[in-house]
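In what follows, a single structure is set out as structure tokens and then discussed.
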There are 2 protein chains.
Amino acid sequence: MAERGRPRAFDKDAALHKAMRVFWTSGYEGASVSELAQAMGINKPSLYAAFGCKEALFREAIELYEKEEGAPVGAALEAGRTARGAIETALRVNARCYTNPDNPRGCMVVVSALAGSPENNPVCSFLADSRRESEESFRRRVARGIAEGDVPESADAGRVAAFYATVMNGLSIQARDGATVDALERVVDSAMAAWDAIAR
Amino acid sequence: MAERGRPRAFDKDAALHKAMRVFWTSGYEGASVSELAQAMGINKPSLYAAFGCKEALFREAIELYEKEEGAPVGAALEAGRTARGAIETALRVNARCYTNPDNPRGCMVVVSALAGSPENNPVCSFLADSRRESEESFRRRVARGIAEGDVPESADAGRVAAFYATVMNGLSIQARDGATVDALERVVDSAMAAWDAIAR
DNA sequence: CCATTTATGTACCGATTGGTACGTAATTCC
DNA sequence: GGAATTACGTACCAATCGGTACATAAATGG
């Protein structure tokens, strides 16, 4: 079962973590392959052998991000006993992630490739897909709330989801602009204070 | 009063408009000087002679953006008879700008350099300053509303501003992700429905 | 021990990056 | 009609971009 050739001399997962942070900090285009390799502690040929190309490395980094930072949000969304509580927790988890002093600021899916040169368009739309999927998961949670009776039947799940997704995305910009956790928490307070006016 | 040497053969303002659109579409790093020059209909030496360097051109482009797309928002903010109405109009003007089919999507100040390579950090923080200034103008408008009596004295102007700035920034992401004008308008509806719960 | 397989570091690839040197064309001042 | 001044297009710069050829090292299978 053991691998055949010479064993890899670096920890691929650890290297991917390093790459994730570089992309998260500098963005897809702002992170050069040389810079990435250096941060990962390997040479470029090792990077290419292990990950294929810059874009593939980025996609793996985003997958890792979604597993480590996104999954807890998804879990909170499922675990919440009401749609309102679930979405509130999701926002608060994100607010803390976006301002965690151990992390680059903001959501990696938002900050790392909002715009880019035409040839990198696939990267931008890949991230856009991911963001739309987040909004869709909000919508599903609200719809479930309607089905379970904790959200009025008359509520428009798509509209509620679009509003909270907008706030969530906005939190990334605020975080990049230096907003503190407390400031983001207050924004979440405000957003949640609107619930009854929106989900009715 | 006439100029001394050979007259410039191109319309500097028209060229700047073209550059603005390229930066708005592709971002600061995603727009190459060659691409910019081509879109502007001039050669690179003319670009450098007229604008100095890439970063200076970008700053002029942002100034132009703020004059043409930002100023109407500022005007709406001043003109509104109440803080609530003023902020609502500001958001709606932005929602239309961000989804205008004649424009690239989203706010240029948000989308064109959220992250970037370390050496372009000045560009990112220049834009962050601009965004913070927008939030500050929201805050001043709410404070004026308190002074004029259309907002309760107990309201926290900074908190109200932070919330609506977050929504406004979030609108840019939604627009980039393909949201329609109507969708953004509904988000603004939701945000404004929260007013009484927030500014109290 | 030897063939096979995979990873490693060095040294390189063509293309593109932001930016310029330079000779020439077009204008104003005197 | 010069001299001075400014803009023009061509052709170029070093540096970096994403990516790779290649010789060598380290492992497994027989």
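Quick notes
- Span-rule helices in chain B, defined as complete DSSP H runs reaching 15 Å or more along the axis (Cα) with Kyte mean at least 0.5: B:157-176, B:181-193
- Between residue B:96 and residue A:153, the modelled labels are 3.8 nm apart [label points 7 Å from Cα along Cα→Cβ].
- Projecting label points 7 angstrom from Cα along Cα→Cβ for residue B:17 and residue A:133 puts them 4.1 nm apart.
- Relative contact order (%) - criterion: Cα under 8 Å, at least six apart; region: the stretch B:75-169: 27 percent
- Inter-part distance, the stretch A:2-23 to the stretch B:126-155, computed on C-alpha centroids, equals 49 Å.
- For chain B: relative contact order, % (alpha-carbon pairs under 8 angstrom, 6 or more apart): 21 percent
- In the stretch A:1-140, the ratio of gyration radius to Kirkwood radius, Rg to Rh, stands at 1.03 when only Cα atoms are counted.
- With its label point defined 7 Å out from Cα along the Cα-to-Cβ axis, residue A:197 lies at 0.8 nm from the matching points of the other copies, in increasing order.
- Inter-site label distance for residue A:180 and residue A:78 at 7 Å from Cα along Cβ, in nm: 3.6 nm
- Rolling a 1.4 Å probe across the protein heavy atoms gives the protein assembly as shown an accessible surface of 45 Å² per residue.
- Inter-copy spacing of residue A:154 label points, which lie 7 Å from Cα along Cα→Cβ, given in nm from shortest upward: 2.7
- What separates the Cα centres of the stretch A:28-53 and the stretch B:78-116 is a distance of 38 Å.
- Note on the protein assembly as shown: semi-axes of the ellipsoid equivalent to its C-alpha gyration tensor, largest first and rounded to whole Å, are 35, 33, 17.
- For residue A:34, the label point sits 7 Å beyond Cα toward Cβ; its separations from the matching points on the remaining copies run 1.9 nm, from shortest to longest.
- Take the accessible area of B alone and of A alone, subtract that of the pair with a 1.4 Å probe, and the total buried over both chains is about 3100 Å².
- Using a probe radius of 1.4 angstrom, the carbon and sulfur fraction of the accessible surface of chain B is 48%.
The values are calculated or read from the model by the stated rules, or taken from the named source; none is laboratory data. Computed from a predicted structure; not experimentally measured. Quick reminder, even Gly has a Cβ in these numbers, built from the backbone with ideal geometry, and neighbours come from all protein chains shown. These area figures cover heavy atoms from the full protein model, side chains too; ligands, DNA and RNA do not enter into them. Shrake-Rupley method; radii C 1.70, N 1.55, O 1.52, S 1.80 Å.
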